[in-house]
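The structure appears right after this line, and notes come after that.
The values are calculated or read from the model by the stated rules, or taken from the named source; none is laboratory data. Please read these numbers as outputs of a predicted model, since none were measured by experiment. Please note: Cβ atoms are built from the backbone with ideal geometry, for glycine as well, and neighbour counts cover all protein chains shown. SASA here: full protein model, heavy atoms, side chains in, ligands and nucleic acids out. Shrake-Rupley method; radii C 1.70, N 1.55, O 1.52, S 1.80 Å.
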Amino acid sequence: MTTSIPGDGDSAPSGIAALTAPAVTGITRLAAIDTVRARLALAVDLGLLLPGERVPPVDDVAEALAVSPITARRALESLADEGVLVRRRGRAGGTFVADVPAHSAVAEIRSYLADAGEVHELIDRRVLLECAIVHHAALAATEADLADLDRQINRMQAASSWTEYHLADESFHIGVAVASGLDFALPLYRSALAALYRYFLPYPIAFLHGVNDDHADLVAALRRSDPVDAVRIARVHVEALHHTMFVGLPQPTAADPSAEPATSPDRSPDPLPGAAPRSDG
């Protein structure tokens, strides 16, 4: 879910303008419904959402992808019409990835793939901000701050879908930023986080649960008031996005709907070759 930016306007830091400039937010040229279509279809193409897998309820998809329920519903319906998803009725009904989903069928995917350079730049910017924030959080976090972060970790661990996990993940990272006491930096951090979250795709929940270990390690470092270790953990956590977001995965190249999808990460807590650093953000 995209978080609003307090102080947006003339009083906001000038860096926000850089983060929201067309050069780093290419997907803003897409309508809201098309961003939902692209994110879900690309997740299917990359094998992150598997044939037969249930898609979360419309309201959950809308909240996680920062669109209205009407937009989310229309996007799901259009993907079903194009053979990427399928709708089933009855007690066990809902929306599922098609058993033989149409691949490379959604033209809007190209906008995401074309923005790979901008995504890597956003990741680098976030690394810089994240390291500064966690350094100060290690020195300033209160017991109340740490208790709230523990609650978000528990929410992520209990999440049964990528939508539930994503919302708790965002609350966790904003919570770390608040705990830093760097109020002047919050608008810039929120903007960087929101810009990058717009490119996140649905991921297997087993993978996300593995990522949650990084969050627990970070809170342990904050609780020890250890800024050096906290910065190390945060840097590895965010830099891993260069490899675990769609820009670091084998890209779908086939235009033929019958072509095989790109190889996807193993749906286990350590999905990447060589147990590479994990991160969803």
Hey, what's region 124-167 come to in accessible area per residue, 1.4 Å probe, Å²?
46
Using a simple spin-label model with points 7 Å from Cα along the Cα→Cβ vector, what separation in nm is obtained for residue 147 and residue 209?
2.8
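Mind checking the per residue accessible area of region 49-112 for me, 1.4 Å probe, whole number of Å²? Present the calculation step by step, with values, prior to reporting the outcome.
Numbers: 3270 Å² over 64 residues.
Result: 51 Å² per residue.
In terms of the ratio Rg/(2.2 N^0.38 Å) built on C-alpha atoms, what value belongs to region 134-230?
Details: Rg = 13.2 Å, N = 97, 2.2 N^0.38 = 12.5 Å.
The value comes to 1.06.
Which whole-number percent gives the relative contact order of region 50-199, counting Cα pairs below 8 Å spaced six or more residues apart?
Numbers: 144 pairs, mean separation 35.8, N = 150.
Relative CO of region 50-199 lands at 24 percent.
Under a 1.4 angstrom probe, counting protein chains only, how are 167, 79 ranked by accessible area, largest first? Don't skip to the answer; put the middle values down first.
Details: 167 30, 79 0 Å².
Accessible-area ranking of 167, 79, largest first: 167, 79.
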Please work out the C-alpha center-to-center distance from region 116-148 to region 67-98 and express it in whole Å.
35
Rounded, prolate or oblate, given the Cα gyration tensor of region 41-101, with a/c below 1.5 counting as rounded?
oblate
